[in-house]
Each structure stands twice: as structure tokens, then as C-alpha cells.
1. Quick one: would you say A:Val44 is closer than 25 Å to B:Trp34 by Cα, open to solvent by 50 Å² or more (accessible area, probe 1.4 Å), over 11 Å from the mean Cα position of the chain (by Cα) and not hydroxyl-bearing (Ser, Thr, Tyr)?
2. If a residue must be in contact with a Leu (Cβ under 8 Å, 6 or more places away or on another chain) and within 18 Å of A:Gly104 (Cα to Cα), how many such residues does the stretch A:39-63 contain?
3. Would you be able to tell me the number of residues in the stretch A:51-85 that are aliphatic (A, V, I, L, M), in a loop (DSSP other than H, G, I, E, B) and buried (at least 16 other Cβ atoms within 10 Å of the Cβ)?
4. Please determine, by comparing only the residues of the stretch A:14-41 that are within 14 Å of chain B (Cβ to nearest Cβ) and charged (D, E, K, R), which one is nearest to B:Tyr35 (Cα to Cα).
5. Quick check on the stretch B:78-88. Is at least one of its residues touching a His at 6+ places or on another chain (Cβ under 6 Å), part of a loop (DSSP other than H, G, I, E, B) and without any contact (Cβ under 8 Å) to a residue 60 or more places away in the chain?
6. Which residues, taken from the stretch B:63-77, are without any contact (Cβ under 8 Å) to a residue 40 or more places away in the chain and not in a loop (DSSP other than H, G, I, E, B)?
7. I'd like to check something: does the stretch B:6-13 contain any residue that is at pLDDT below 95 and polar (S, T, N, Q)?
8. Determine which single condition B:Ala80 fails, assuming it passes every other condition in (1) under 10 Å from the mean Cα position of the chain (by Cα); (2) more than 14 Å from chain A (Cβ to nearest Cβ); (3) of a type in the set (Gly, Ala, Ser).
Amino acid sequence: TQLLEQSPQFLSIQEGENLTVYCNSSSVFSSLQWYRQEPGEGPVLLVTVVTGGEVKKLKRLTFQFGDARKDSSLHITAAQTGDTGLYLCAAHVTNQAGTALIFGKGTTLSVSS
Amino acid sequence: ETGVTQSPTHLIKTRGQQVTLRCSSQSGHNTVSWYQQALGQGPQFIFQYYREEENGRGNFPPRFSGLQFPNYSSELNVNALELDDSALYLCASSGGGLSAEAFFGQGTRLTVV
């Protein structure tokens with residue numbers, strides 16, 4: 001079973017449209033991160049959300065952490081072709097073996113002009 | 001400040017062979033993690049090294065092994081390569097902590113034929 005479930009898996013939209021990507025889990029996290037990855041590159045951190053109910057804005061991107069700290073969403077307003085990429089949510093998980101940053105499967109976004 | 005660099009960028013190996021991938025962490029970072037990423041999927045955690053010790057391992061067989069050196073650079077070794085090992089292998093370094101940002105290299109694209 002996947003610790004972080006992302007939906008939708010694929011999204012293809014026109015420039016100027018709005019979209020929301022979701023990241024859900026049955027586990028509670030102390031923080032959650034969103035990354036964006038372009039083809040041929042490694043993921044790059046967009047934001048870290050820490051407090052339940054927190055909303056963070058990064059230009060046209062709005063990130064929200066659920067009140068129970070189990071889920072998060074990413075909303076993009078007026079999408080541009082430069083927003084195309086793989087959007088990943090990630091959380092740090094600690095067990096007896098150590099701590100690891102675990103990723104969801106990602107949402108592949110394609111924005112066309 | 002130098003970023004995370006990985007070598008080689010591309011590699012083709014034959015089934016049954018062994019491979020070593022290398023990663024130089026970002027200056028000042030003592031934690032290195034390795035990930036395997038299939039096309040269009042999120043990165044899967046392989047293992048993490050902190051100050052030369054393995055500090056967390058994902059669901060990968062023992063033929064995936066690693067090392068971290070005193071300068072915090074790292075190697076990923078894969079023995080007895082299988083066709084399913086074909087993937088993008090990402091290295092990430094961080095300064096530690098549960099909200100720490102992970103900085104990724106651009107990855108090594110491994111193809112097993």
C-alpha cells in the first residue's frame with residue numbers, strides 16, 4: 001500500500017485553467033512537502049507545510065495542509081505552459097530503521113497553449 | 001556552494017552485471033539518500049546514510065548496497081542486475097531534521113539490457 005496517495009495521476013489542461021492536485025494519507029505527519037520535477041532533472045522543493053490548516057502561497061500556487069495533518073492539496077490558478085511537470089508530495093517517516101523522505105507516485109501535469 | 005552532482009548521467013549494463021553510481025553531496029550536508037524512479041512515477045526510497053552509517057532502508061533486496069565516505073559523498077552499488085532495475089537513480093542530500101529540504105542531483109539513467 002502507498003503511504004501517500006496522489007490524485008489525479010495525470011492531468012492535461014489548457015493554459016489559463018485552474019487545477020487542484022491532492023495528496024492523501026491515513027497517517028498523521030509533522031510536516032509535508034511538495035516537489036516539482038521536470039524531465040531530466042531531480043525534484044525541486046516548492047514548499048513545506050507544518051501546521052494543520054496552514055495555507056501557503058507561492059505566486060499562482062496555493063498549498064494547504066489538512067487540519068488533521070493527514071492530507072494536502074496544491075491549487076494552481078491560471079496555469080501556464082511552464083507549470084508542466086511532475087508534482088510530488090513527500091513526508092518524512094521515522095521507524096526503527098531510521099528516517100526517510102517518502103514520496104507519493106506523483107501527478108503528471110501537462111499544460112498546453 | 002556546490003549542488004548535488006551524480007555520475008555517470010547515463011549507463012547501459014547487461015543483465016547479471018554489477019554497477020556503481022556516485023553522488024557528491026551539497027556542501028555542508030551530512031545526509032545522503034538514494035532513490036529509484038521509474039518513468040512517470042514518484043521516487044522510491046532505497047536507503048539513507050548519515051555520517052557514514054546506514055540510517056534507514058526501503059523495501060529493496062540486499063543486492064542494493066551503499067557507502068558514504070568521510071567527505072559525505074556516496075556510492076550506490078547494485079549487484080546481479082535485472083531488467084527491472086532499469087530506472088532513474090536519484091541522490092539527494094540534506095542537512096538533516098524532519099523538515100529539512102532535500103536537494104536532488106539530476107540522476108543517473110540506468111538501462112539494463
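1. Here the answer is yes, as A:Val44 does meet what is asked.
2. Residues of the stretch A:39-63 in contact with a Leu (Cβ under 8 Å, 6 or more places away or on another chain): A:42-43, A:46-49, A:58, A:61-63.
Going one step further and asking which of them are within 18 Å of A:Gly104 (Cα to Cα), we end up with A:42-43, A:46-49, A:63.
Result for the stretch A:39-63: 7.
3. Final tally of qualifying residues: 1.
4. For the stretch A:14-41, the residue satisfying everything is A:Glu41.
5. Of the residues in the stretch B:78-88, the ones touching a His at 6+ places or on another chain (Cβ under 6 Å) are none.
Looking for residues that are touching a His at 6+ places or on another chain (Cβ under 6 Å), part of a loop (DSSP other than H, G, I, E, B) and without any contact (Cβ under 8 Å) to a residue 60 or more places away in the chain, one finds none in the stretch B:78-88, hence no.
6. Listed by number, the residues that qualify are B:Phe64, B:Ser65, B:Gly66, B:Leu67, B:Gln68.
7. Taking the stretch B:6-13 first, the residues at pLDDT below 95 are none.
Among the residues of the stretch B:6-13, not one is at pLDDT below 95 and polar (S, T, N, Q), which makes the answer no.
8. So B:Ala80 meets the others, but not (1).
The values are calculated or read from the model by the stated rules, or taken from the named source; none is laboratory data. These numbers come from a predicted model, not from an experiment. Please note: Cβ atoms are built from the backbone with ideal geometry, for glycine as well, and neighbour counts cover all protein chains shown. Ligands, DNA and RNA are excluded from the accessible area calculation, which covers all protein heavy atoms including side chains. Shrake-Rupley method; radii C 1.70, N 1.55, O 1.52, S 1.80 Å.
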